[in-house]
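Here the structure is laid out as C-alpha cells; the discussion comes afterwards.
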Amino acid sequence: MPATKPTIIKSAVSASDPNGAWKVYLAYPTFKAGTTPWAEQTNADVTDEMQTRATQWEDGPAAVPRPGKLNTLYGSFVTDLLTPELASFTVTWTDDSNPGAVQLGVETISIDLSSGQRLAFDDLFPDATTALATISLQTRSLLQDQLGAAYNAVTAEAGTTPTTSNFTNWALTTAGVKFVFPQYQVSDRADLEPAVVVPWAASSP
C-alpha cells in the first residue's frame, strides 16, 4: 500500500431533459488514478451505481411532467475517513419530483483500499449481534441528545432496534462509527436524516 492517503476527486452524473421536465446532478467521490491500487475498479463500481440511480429516477418519478415545475435530483458527498488503507464516504441526495414532501436519500460507502472491496457491517465486529445491541442503546441516547424536543421515543426506538437493516448506513470516522438514519426512520420530521457517532471506546468491548 502507498504510504500516503489517496487523492479524492469530485465526479458527477449530470443531465437535463431536452423537454425541460427534469434535471439531475449527483456528485460522488472518485480516486485519482495511481494514488491507490484499486482506483480504476472502485471508481467504475461507484460510477455505475450513481448512473443507475440517476437513470432509474429519470425513467421513473422524474418522467412525470409537472406544469411550471422542474423535477430535480441533487446529490453531494462528504469524506468521513481517508487513510492509505481505508476510505469512508457519506453520499446524500434530495429529490423533489414527488408532489408531496421532498424526499431525502442517503448511502454510505466504506472501502478496504488493500482489496478494493466495500466493507460490510459484519466486517467491523467479530460478534455482530452483540455489537448491534450496544449500538442500539448508544444511538438512542445520542439521538435523544441531538433531537431534543423533536425526539419521539416510539419512532426512535423502532428505528434503532438491534437489527442490521436499521444500521445499513454507517461510515468510519476517527472518533468512532457514524450512523446515518434515512428520512422518517428515527424522527417524524420530514427535513431530517439524523447522524450520530458511536465512539470507538463505547463499541470496542
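List of remarks:
- Flag for L86 being open to solvent by 50 Å² or more (accessible area, probe 1.4 Å) and touching a residue at least 24 places away in the same chain (Cβ under 8 Å): yes
- Residue match in the range 20-42 (condition: open to solvent by 60 Å² or more (accessible area, probe 1.4 Å), under 30 Å from G100 (Cβ atoms) and modelled with pLDDT of 95 or more): yes
- For the range 7-27, a residue qualifies if it is in a strand (DSSP E or B) and in contact with an Asp or Glu (Cβ under 8 Å, 6 or more places away or on another chain), and the qualifying residues are A15, W22, K23, V24.
- Looking at T134, T155, T92, just one residue is surrounded by 13 or more Cβ atoms within 10 Å (Cβ to Cβ) and either within 23 Å of N43 (Cα to Cα) or of a type in the set (A, V, I, L, M) (or both), and that residue is T92.
- Those strands (runs of 3 or more DSSP E) lying entirely in the range 96-204 with at least 2 residues farther than 24 Å from P84 by Cβ and within 18 Å of the chain's Cα centre (by Cα): 103-112, 176-180, 195-199
- Verdict on Q103 being modelled with pLDDT of 95 or more, polar (S, T, N, Q), within 24 Å of S204 (Cβ to Cβ) and open to solvent by 50 Å² or more (accessible area, probe 1.4 Å): no
- Qualifying positions in the range 56-83 - of a type in the set (S, T, N, Q), surrounded by fewer than 20 Cβ atoms within 10 Å (Cβ to Cβ) and assigned to a strand (DSSP E or B): T72, S76, T79
The values are calculated or read from the model by the stated rules, or taken from the named source; none is laboratory data. Predicted, not measured: the structure shown is a model, and the values here were computed from it. We place every Cβ from the backbone using ideal geometry, glycine too, and count neighbours over all the protein chains shown. Keep in mind that these areas ignore ligands, DNA and RNA; they rest on the heavy atoms of the full protein, side chains included. Shrake-Rupley method; radii C 1.70, N 1.55, O 1.52, S 1.80 Å.
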